[in-house]
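The values are calculated or read from the model by the stated rules, or taken from the named source; none is laboratory data. Remember, predicted model here, so these are calculated numbers, not experimental data. So basically every Cβ, Gly included, is an ideal-geometry build from the backbone, and we count neighbours across all protein chains shown. The area values use the complete protein model at the heavy-atom level, side chains included, leaving out ligands, DNA and RNA. Shrake-Rupley method; radii C 1.70, N 1.55, O 1.52, S 1.80 Å.
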Amino acid sequence: AEGEKVGAAPPQRPMGKECAHYLSLSEIERADDVRFHAPLLQACAAERASLCADFPAGASQVLSCLLRHRTHRDTSPRCAARLLEHQQRRMADFRLDPTLTAACADDIVALCPDAPLGKGAVIACLIRKEA
């Protein structure tokens, strides 16, 4: 029924490992579609309409456009903060950046096979190998 809650969990209970794993996989699958980033989409609705209106909903270009305009004078502080948070998550896990993943797939396997996933280790490895 409307207004019902899924269930009350103890506030200190950490998320189960299996749930966290599948949530992470889900985030990777929807990484380039701004429609699946509700907080970002809500925070950046005006910017989406004014700065990125030329891109159809669901196109990965919407998210790219918003990220390109993160420091634009017409970007609200709330939107800029959400975009920065999104970029930081992408830097922590290369799989959240589909363009980087596609462009660097072979290099990741060849140059950074032992880099652990998450926490930016793969991207840090690639940056070290680039020099």
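Cβ-Cβ contacts under 6 Å between residues 6 or more apart (or on different chains), taken from a first residue in segment 74-96 that is farther than 17 Å from residue 127 by Cβ to a second residue that is among the charged types (D, E, K, R) and surrounded by 15 or more Cβ atoms within 10 Å (Cβ to Cβ), are listed as 75/47; 79/47; 80/70; 83/70. Residue 108 meets each of the listed conditions (1) exposed (fewer than 14 other Cβ atoms within 10 Å of the Cβ); (2) under 20 Å from residue 124 (Cβ atoms); (3) over 12 Å from the mean Cα position of the chain (by Cα) apart from (1).
The number of residues in segment 51-74 being loosely packed, with under 13 Cβ neighbours inside 10 Å and at pLDDT 85 or above comes to 5. When the criteria are applied in full, residue 106 meets the requirement of being more than 17 Å from residue 27 (Cα to Cα) and among the charged types (D, E, K, R).
Of all residue pairs spaced 6 or more apart or on separate chains, those with beta-carbon atoms under 6 Å, a first member in segment 34-62 that is without any contact (Cβ under 8 Å) to a residue 12 or more places away in the chain and a second member that is part of a helix (DSSP H, G or I) and open to solvent by 40 Å² or more (accessible area, probe 1.4 Å) are 55/61. Selection of segment 40-50 for residues being touching a helix residue (DSSP H, G or I) at 6+ places or on another chain (Cβ under 6 Å) and open to solvent by 50 Å² or more (accessible area, probe 1.4 Å) yields only 41. If I ask for residues that are part of a loop (DSSP other than H, G, I, E, B) and not acidic (Asp, Glu), which ones from segment 96-118 would you list? Result: 112, 113, 115, 116, 117, 118.
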